[in-house]
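See structure below.
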Amino acid sequence: MSVRSGLGAVRRRVLGSLYRRTAPLGDRGPIVSFSFDDFPRTAYSAGGAILEKFGVRGTYYAAWGLRNTSNELGDQFRSEDIESLLEKGHELASHTFSHISCRSVSGAAFRGDVEKGRQAIAEAAGADSANFAYPFGDVTLQAKRTLRRGLTSARSIFPGFNGPEIDLNLLRAINLYGGLDGLKRTGELIRENFEQKSWLIFYTHDVRENPSPYGCTPALFEGAVSCAVGSGCRILTVREVLTEIGVGREGQTIKMGAY
Ligand SMILES: [Zn+2]
């Protein structure tokens, strides 16, 4: 282990152990959730279509300021994608407005951008996006401490399964990146989660042939969803899990045609 990754592990341990806001998963597992960050259009056009084919839904962590833009992940979401995904019962969650790291701005500026992102989603889509994901997966103690107010949950990219006790301020998640050669590892994670009766949250970005380093191919995504469905796990959105536990808010109010 390099010094750098050793320090990373220490840092993750400290961040994982402080300012926790816990809730019991109880006997609700095993559960798998599929989530997308930012989010590129292909997360919905390709990823969403795959989920729907299996009769399940995903969680989309949208940074509203990225709407109608393009970057290395491809075209980012547009208003019509939001309208469509809410209609189909996917979850719209938040991811700051400007897609900023809590390590690069003051605590007050970060909190302000988190709130601005939620506000923008509420105003444009009428959706309460109380579940949040930290941009770049960056977490600080200050962000973790202050975000416990107002948000139902904050998802990290700290790897691991959630449960038997989950930290609402730091949900753990595992990436789904690359092509079909990653399916074996994905299947092992799903099986391990099944045996532990815990909650596994996957996250990715673009879903397309030749994905960015932060995305996956449709084949890997479909393989992962198929494996999760076949394993006997329940496939739920983050909001559905937290509503069952009694900490989330039921449903998302949808105000169509408000763009
Ligand atoms: Zn992001």
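Quick notes
- Only one entry in S94, S101 is surrounded by 19 or more Cβ atoms within 10 Å (Cβ to Cβ), touching a residue at least 12 places away in the same chain (Cβ under 8 Å) and within 13 Å of the ligand (Cβ to nearest atom), namely S94.
- Restricting the first member to region 33-44 and to residues that are more than 13 Å from C216 (Cα to Cα) and in a strand (DSSP E or B), and the second to residues that are within 11 Å of the ligand (Cβ to nearest atom) and open to solvent by less than 10 Å² (accessible area, probe 1.4 Å), the beta-carbon pairs closer than 6 Å and six or more apart or on different chains are D38/A63.
- Among residues of region 115-135 that are under 12 Å from D37 (Cβ atoms) and touching a residue at least 24 places away in the same chain (Cβ under 8 Å), those with a beta-carbon under 7 Å from a residue that is of a type in the set (A, V, I, L, M) and open to solvent by 20 Å² or more (accessible area, probe 1.4 Å) at least six positions away or on a different chain give the pairs P135/I100.
- For region 89-96, the count of residues that are farther than 30 Å from V229 by Cα and modelled with pLDDT under 95 is zero.
- Selection status of D37, farther than 19 Å from E87 by Cβ and within 16 Å of the ligand (Cβ to nearest atom): yes
- Taking the criterion of being in a helix (DSSP H, G or I), under 23 Å from R11 (Cβ atoms) and either open to solvent by 50 Å² or more (accessible area, probe 1.4 Å) or touching a Ser or Thr at 6+ places or on another chain (Cβ under 6 Å) (or both), the residues of region 142-189 that qualify are Q142, R145.
The values are calculated or read from the model by the stated rules, or taken from the named source; none is laboratory data. Treat the numbers as computed from the prediction; the structure is a model and nothing was measured. As a convention, Cβ positions derive from the backbone with ideal geometry for all residues, glycine included, and neighbour counts pool all protein chains shown. These area figures cover heavy atoms from the full protein model, side chains too; ligands, DNA and RNA do not enter into them. Shrake-Rupley method; radii C 1.70, N 1.55, O 1.52, S 1.80 Å.
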